[in-house]
Amino acid sequence: MKKFSIVIAGGGSTFTPGIVLMLLDHLDKFPIRKLKLYDNDPERQEIIAGACKIILKEQAPDVEFVATSDPERAFTDVDFVMAHIRVGKYAMRELDEKIPLKYGVLGQETCGPGGIAYGMRSIGGVLEILDYMEQYSPNAWMLNYSNPAAIVAEATRRLRPNSKILNICDMPIGIETRMAKILGLSSRKEMEVRYFGLNHFGWWTEIRNKEGKDLMPQLKEYVAKNGYAVEGEEAEDSWNDTFLKARDVYAVDPTTLPNTYLKYYLFPDYVVKHSNPDYTRANEVIDGREKFVFSECRKVIKNQSTQGCALHIDEHASYIVDLARAIAYNTKERMLLIVENKGAISNFDPTAMVEIPCLVGNNGPEPLMVGKIPQFQKGLMEQQVSVEKLVVEAWIAQSYQKLWQALTLSKTVPSAKVAKDILDELIEANKEYWPELH
Ligand code: NAD
Ligand code: G6P
Ligand code: MN
């Protein structure tokens, strides 16, 4: 069996240790000969890498391990680039969330003005990594889950149309895992789904078991009462609220089951009311996940052992292995990916990046036909996809006007005036990261 060489871009990410543990847990299905971490912040990466090195020494001493900030070393001789960078890190996420809230608009990592600001930072970072890959390992594939995935995907469609990049999100996987629990199934893989939308903006239209039995009625009955809140799956308060709120999102269109992110577009007033402008999700993550992961990694380094270490396998991230395997072994696994529409949704912009089921093989994704979508979803999606396209146009043309239009068009922003006020403050905050706007 061929063994693969992988580089994780954004090696200093809070998700890296969980993903490394997950990769090691799946070596029988996806053998690895070399694992590299790459980050442009060597100090941050050093702590994660120090722990990963010991994890590998204990569990897979045959796998060569490299941690570097040198692009040539990182991207030479790789088969897959797994990318989860956060340009501007949590400090900028915090501003993305807090600046809009000052103007009564929701602050969120990937939705509304915060997501737009993050998009303007991410485009350059993701293109840079894609270019390194093509320069040093032209046959490799990039599996990208850096956010905001919708904007990043549109940017690579526009600017690198022939690149081997696959954009994927774990939210549908997380929700499907909950659905499987609700249905008493042992795995989400027992369900066959139909789904359409944009990233963080989609709906399930069909869910069946392998025998073809319709599971939607049972799910709808549950979601109408509880959303996707499931006993034993409790998370932090903000996420618990999001899963529960899916109940109200579902009520708006009970013919489908919604992605949780629709709460930000359909109930923005509720979200603002339930936000603390001085303590947002970024603060929760800094005080929670980041502290935990980095302190556990430091412990591993100090003890030169993982004994007693609480880092755990991110089994939920095994979709990354499924995706890599689909490419490597031509498995034709059915997965939700963010791909160019090209008529799959027949009454929607063929150039839109949509999230739909695809069969994935060694030549990439083969999108499945969706057909005609209803007026309600079509209307919402046309507005949102225009926001995403305008952001990319603004980035390319360095256009203030287009970015103002993008913010104005977002369903989360009440007026062009508020859009301008927020934009002007975001420009100041993002000086180091955005192209200069004219
Ligand atoms: P994090 O800040 O802990 O990690 C991101 C790392 O990227 C940092 O170490 C940072 O130094 C590095 N980085 C930033 N710019 C870079 C560049 N140009 N080149 C190389 N490295 C760079 O963030 P996190 O919370 O662990 O999240 C990482 C990313 O994964 C985010 O984009 C997040 O939105 C995304 N994410 C996506 C999904 C999904 O479903 N698509 C799920 C979870 C997380
Ligand atoms: C989900 C989404 C990701 C997003 C993450 C935020 O997994 O699919 O796109 O980045 O949630 O999680 P956080 O814990 O950082 O708020
Ligand atoms: Mn996502």
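Read the figures in this text as sums done on the coordinates, not as results from a lab. Source: prediction; values computed, not measured. Here Cβ is always computed from backbone atoms with ideal geometry, including for glycine, and neighbour counts include all displayed protein chains.
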ask   = What residue, of 157, 121, is out of contact with any helix residue (DSSP H, G or I) (no Cβ under 7 Å at 6 or more places or on another chain) and more than 16 Å from ligand 3 (Cβ to nearest atom)?
value = 157
remark   = (1) in contact (Cβ under 8 Å) with a residue 24 or more places away in the chain; (2) assigned to a loop (DSSP other than H, G, I, E, B); (3) surrounded by fewer than 22 Cβ atoms within 10 Å (Cβ to Cβ) all hold for residue 380 apart from (2)
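Table: residues versus (1) of a type outside the set (A, V, I, L, M, F, W, C); (2) assigned to a helix (DSSP H, G or I); (3) within 16 Å of ligand 1 (Cβ to nearest atom).
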{"position": "180", "(1), (2), (3)": "no, yes, no"}
{"position": "186", "(1), (2), (3)": "yes, no, no"}
{"position": "205", "(1), (2), (3)": "yes, no, no"}
{"position": "208", "(1), (2), (3)": "yes, no, no"}
{"position": "217", "(1), (2), (3)": "yes, yes, no"}
ask   = What pairs can you find where one residue is in the stretch 222-236 and in contact (Cβ under 8 Å) with a residue 12 or more places away in the chain, the other is of a type in the set (Ser, Thr, Tyr) and assigned to a helix (DSSP H, G or I), and their Cβ atoms are less than 6 Å apart, with a gap of 6+ or different chains?
value = 223/250
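Looking at 388, 366, can you tell me which residue is among the acidic types (Asp, Glu), in contact with a helix residue (DSSP H, G or I) (Cβ under 6 Å, 6 or more places away or on another chain) and either assigned to a helix (DSSP H, G or I) or without any contact (Cβ under 8 Å) to a residue 60 or more places away in the chain (or both)?
Details: 366 fails: in contact with a helix residue (DSSP H, G or I) (Cβ under 6 Å, 6 or more places away or on another chain).
Testing whether each residue is among the acidic types (Asp, Glu), in contact with a helix residue (DSSP H, G or I) (Cβ under 6 Å, 6 or more places away or on another chain) and either assigned to a helix (DSSP H, G or I) or without any contact (Cβ under 8 Å) to a residue 60 or more places away in the chain (or both) leaves just 388.
Where in the stretch 233-293 are there helices (runs of 4 or more DSSP H), lying wholly inside it, with at least 2 residues that are within 16 Å of ligand 1 (Cβ to nearest atom) and among the polar types (S, T, N, Q)?
237-252
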key: Per-region count, the stretch 57-95, residues at negative phi and either touching a residue at least 60 places away in the same chain (Cβ under 8 Å) or among the hydrophobic types (A, V, I, L, M, F, W, C) (or both)   = 27
message = Looking at the stretch 101-115, can you tell me whether even one residue there is in contact (Cβ under 8 Å) with a residue 40 or more places away in the chain, within 14 Å of ligand 1 (Cβ to nearest atom), more than 19 Å from residue 259 (Cβ to Cβ) and touching a helix residue (DSSP H, G or I) at 6+ places or on another chain (Cβ under 9 Å)?
response = no
note = Being of a type outside the set (Gly, Ala, Ser), more than 16 Å from ligand 2 (Cβ to nearest atom), under 26 Å from residue 402 (Cα atoms) and under 18 Å from the mean Cα position of the chain (by Cα) narrows 148, 161, 113 down to just 113
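Considering only the stretch 30-45, state which residues are farther than 15 Å from residue 17 by Cα, part of a strand (DSSP E or B) and touching a residue at least 40 places away in the same chain (Cβ under 8 Å). Don't jump to the end; show me each part of the working.
So in the stretch 30-45, the residues farther than 15 Å from residue 17 by Cα come out as 30-34, 40-43.
Within this subset, residues satisfying the condition of being part of a strand (DSSP E or B) are 32-34.
The one that is farther than 15 Å from residue 17 by Cα, part of a strand (DSSP E or B) and touching a residue at least 40 places away in the same chain (Cβ under 8 Å): 34.
For residue 48, state whether it is surrounded by 19 or more Cβ atoms within 10 Å (Cβ to Cβ) and in a helix (DSSP H, G or I). Steps first, answer last, please.
Working: surrounded by 19 or more Cβ atoms within 10 Å (Cβ to Cβ): yes; in a helix (DSSP H, G or I): yes.
Judged against the criteria, residue 48 is a match.
From the list 179, 142, which one is more than 15 Å from residue 261 (Cβ to Cβ), within 16 Å of ligand 2 (Cβ to nearest atom) and crowded, with 23+ Cβ neighbours inside 10 Å?
179
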Residue identified as surrounded by 18 or more Cβ atoms within 10 Å (Cβ to Cβ), of a type outside the set (D, E, K, R) and under 24 Å from residue 166 (Cα atoms) among 16, 76 = 16
